[in-house]
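Below you'll find the structure, written out as structure tokens, and then a few comments.
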Amino acid sequence: MKRLFLTIMFFAVAFSVNAQQKLRKSEVPQEVRMGLENTYTDYKLEYWYFETGQYVAQINIDNNTGKVFFTATGNWQYTIFDIKDDELPTLVDDYFIKNYPGYRIKKSQYIEDVSGDNYYRLIISMKGVGQTEYEMIFDPRGRLTKTNAPDPNFVKKDYIERLNPEAIEYRQKKMAEREGINGEGVQVNIEKEKAKDKSSKEVKLSAQEELDTPKIPEDVTKAFKKKFPRAEAKSWTEENGNYRAVYDKRGTDAEVLISKEGTFISTTTNIEKARYPRLITKDLQIRYPKAKIEKFQKVDYDMKYKKSVTDKKLDTYYYIELTEKIKGKKDKKTIKLTYDKSFKYQGLAGSDDEYAEED
């Protein structure tokens, strides 16, 4: 975090956006507007304003609001995303709950910095009015790196002495149960494990995890984190030299395909049954009246990727998988179909996220 305390100097005034006067597009230098386009893709610009000698763009990316700071020459400085407490990494949440009983999180943020040292920032204080605020900085993996908060041992001792000792025991018990379910006990109890012999289970588990996890290029993981700063990839798979990540998108699994250079290719979203396009379901009933819909997805190509491909047309489409019983057999056959963005039937599904016309 080379620029951590430099950027923090701006935070005190960075949250009083309502007091700032919005700028018209003509009032924002072209270099600054180009700086935004070069920093983020697939964003929605809400407005510009000027603050502390910097131009600030409030944007929305995948329903996440962020404030992007630029110099007058269009150089990106950092971006602040306000996030909910339940969107924090598990390790961050666990650390706070276990070490700061009687405290509350007043603000949680995800900061993207020009140095590449992205981090989570918490502002915490004891419960009550007029309490001192403290800052905690965690790296993207959820490890505490800097803080000016009181020592956790003092906090827990003071909490037990002043308040109800049963409360912290209850919290610790719930955390232990949670760790047991998630299989994260070794990761959370870092200090305890460090006191053990170097041949502890922590080392063995880490080695096994590395063997089971596919090697993903750094350009790919950086691109994913930049586009989805608050999302965690559930899984990664390699597909013909590209990499597909599965992540949670507002309670629904979604997929994103990224090239090894970090270029976004497409995003695949599962469609809920209640939101199936009626024109498609009516057509399916006519073509395959006895089939059952097993998968219904929408595939969107990244705008920049579409512009880079000149030898074929890439457009949004729907991918559907049906199953149908085979007469006289227990097995079922799978039918894969595609429809274009206007819900017109395109034919049997091809490969590599493209649709193929039926003969």
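So here's what we get for this one:
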read-out: Packing-based ranking, highest mean first, of 110-121, 226-237 given that Cβ atoms within 10 Å are counted; value: 110-121, 226-237
read-out: Approximate spin-label separation Thr65-Asn148, in nm, with each point projected 7 Å along Cα-to-Cβ; value: 2.7
read-out: Given Lys25/Lys307; Lys234/Lys260; Lys227/Lys307; Lys22/Lys44, the pairs whose alpha carbons are separated by over 21 Å; value: Lys25/Lys307
read-out: With all protein chains modelled, accessible area of Val129 [1.4 Å, Å²]; value: 140
read-out: Two-site FRET efficiency, Ile160 against Leu45, from Cβ-Cβ distance with R₀ of 56 Å, rounded to 0.05; value: 0.65
read-out: Net lengthening on full extension, Asp331/Glu238 (0.36 nm per residue, minus Cα-Cα); value: 30.5 nm
read-out: Segment Ile123-Thr281, length gained on full extension (0.36 nm per residue, minus Cα span); value: 51.9 nm
read-out: Per-pair calculated FRET efficiency, R0 = 25 Å: Thr52 and Glu133 via Cβ, rounded to 0.05; value: 0.75
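The values are calculated or read from the model by the stated rules, or taken from the named source; none is laboratory data. As the structure is a computational prediction, the values presented were derived from the model and not from experiment. Reconstructed Cβ throughout: ideal geometry from the backbone, glycine too, with neighbour counts over all protein chains shown. Accessible surface areas use protein heavy atoms only, side chains included; no ligands, DNA or RNA. Shrake-Rupley method; radii C 1.70, N 1.55, O 1.52, S 1.80 Å.
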